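Written below as structure tokens is the structure these notes are about.
The values are calculated or read from the model by the stated rules, or taken from the named source; none is laboratory data. Since the model is a prediction, treat every value here as computed from it, not as a measurement. Here Cβ is always computed from backbone atoms with ideal geometry, including for glycine, and neighbour counts include all displayed protein chains. Keep in mind that these areas ignore ligands, DNA and RNA; they rest on the heavy atoms of the full protein, side chains included. Shrake-Rupley method; radii C 1.70, N 1.55, O 1.52, S 1.80 Å.
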Amino acid sequence: TPLVLDGSTWHEEQDSGDEVRYLTGTDSDTGNGTYDNGYWVVTTADGTQYYFGKNKGPGWAPGDPVTNSAWSAPVYGAHSGDPCYSSAGFSSSSCVQGWRWNLDFVVDPNGNAAAYYYTAETNYYGADGQTTGVEYDRGGYLTRIDYGLRDENGSIYAGIDANPPDEVLFGADQRCIPTPDRKRV
């Protein structure tokens, strides 16, 4: 649903009473690749929390998987007050900002959790009139969902080692695969 900013509070356009928050973090708690490590949390009336673009689940520690759920691109802040604006000029006013925040964690009021993992597809463009390619996320796809996790003592990773209780894996393939023996007419 589209979001509406009312002063400093976000609401769904078709407001259902859900609490919508845009939060920023540090690299150690989110580290999603955006300049402010920003992510979204939607809390429904029953207390279920939906995280979008957080990249690291509750209790994440080095070695635990990341979700790759925040997709980003370099953006220029052309006006004073824009994120990353620099009075030194346009070429100094760029930073990586999120353009898509995918669902990556769901935690219900009982501490049951699911985690969603993505593969981002990258591309390049010549920024600021240059020919040197600048990388950005052009899209991506869901690769895995881990179910049966528990948010115990503030961590969904505790006790799962490398194997979650339940997991669904998704694959991706070419949409159209050329057939070498097909003749052109």
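When the range 52-72 is examined, which residues are found to be in contact (Cβ under 8 Å) with a residue 60 or more places away in the chain and either open to solvent by 20 Å² or more (accessible area, probe 1.4 Å) or on the phi > 0 side of the Ramachandran plot (or both)? Listed by number, the residues that qualify are Pro58, Gly59, Trp60, Ala61, Asp64, Asn68. Restricting attention to the range 55-83, the residues that are in contact with a Gly (Cβ under 8 Å, 6 or more places away or on another chain) and within 23 Å of Gly139 (Cβ to Cβ) total 10. Tell me yes or no: at least one residue of the range 104-115 is open to solvent by 60 Å² or more (accessible area, probe 1.4 Å) and either at positive phi or touching a residue at least 40 places away in the same chain (Cβ under 8 Å) (or both). Scanning the range 104-115, I find at least one residue that is open to solvent by 60 Å² or more (accessible area, probe 1.4 Å) and either at positive phi or touching a residue at least 40 places away in the same chain (Cβ under 8 Å) (or both), so the answer is yes. If you filter the range 20-51 down to residues that are open to solvent by 60 Å² or more (accessible area, probe 1.4 Å) and in contact with a Phe, Trp or Tyr (Cβ under 9 Å, 6 or more places away or on another chain), you find that the one that is farthest from Gln97 (Cα to Cα) is Tyr50.
Per the listing Tyr116, Tyr125, Tyr35, the residue uniquely modelled with pLDDT of 90 or more and under 27 Å from Gln174 (Cβ atoms) is Tyr116. Is there a residue being under 20 Å from Ser155 (Cβ atoms) and either open to solvent by 40 Å² or more (accessible area, probe 1.4 Å) or small (Gly, Ala, Ser) (or both) anywhere in the range 73-91? Within the range 73-91 (the criterion being under 20 Å from Ser155 (Cβ atoms) and either open to solvent by 40 Å² or more (accessible area, probe 1.4 Å) or small (Gly, Ala, Ser) (or both)), the answer is no, since none of the residues qualifies.
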